[in-house]
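First the structure, in the form of structure tokens, and then the observations on it.
The values are calculated or read from the model by the stated rules, or taken from the named source; none is laboratory data. What you see is a predicted model, and the numbers here were worked out from it, not measured in a lab. As a convention, Cβ positions derive from the backbone with ideal geometry for all residues, glycine included, and neighbour counts pool all protein chains shown. Side chains are part of the model used for accessible areas, which takes the heavy atoms of the whole protein and leaves out ligands, DNA and RNA. Shrake-Rupley method; radii C 1.70, N 1.55, O 1.52, S 1.80 Å.
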Amino acid sequence: MTETTETATHGVILTDVAAAKVRSLLEQEGRDDLRLRLAVQPGGCSGLIYQLYFDERVLDGDALRDFDGVEVVVDKMSVPYLDGATIDFADTIEKQGFTIDNPNAGSSCACGGSFS
């Protein structure tokens, strides 16, 4: 557990709008034991895809950062790919959902679902 504390920081940013949406979703679920996990996995047409989901676990080596009560967890293998990435939430007539703006993505596919 001390390793998690030592690696408690990562460079991912959660906007206030996204944090509010996460809090709202957790309230709807009646859960206060979940964290928002962001990971990078092999896949997609450009080579890597984002995984964004709620997780109750904190694994050995995870980096954890708190945004006004919303904890964002990143696994140790994904940290370098996500340094400086911003998670936001859009709710407009054109788009609704979480978005990830990642300065480390060299290129992405046409649909924006994967990157390299």
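Observations on the structure shown:
- All other residues whose Cβ lies under 13 angstrom from that of Arg23 are scored, Lys and Arg at +1 and Asp and Glu at -1, for a net of -4.
- Segment Arg57-Leu25, length gained on full extension (0.36 nm per residue, minus Cα span): 9.7 nm
- Most to least packed among 83-95, 29-41 [average Cβ atoms within 10 Å]: 29-41, 83-95
- Rounded to whole Hz, the Karplus (6.51, -1.76, 1.60) HN-Hα couplings of the stretch 20-34, x for glycine and proline: 5, 5, 4, 4, 4, 5, 5, 5, 4, 7, x, 10, 10, 10, 9
- Solvent-accessible area per residue, Å², over the stretch 1-94 with all protein chains present [probe radius 1.4 Å]: 59
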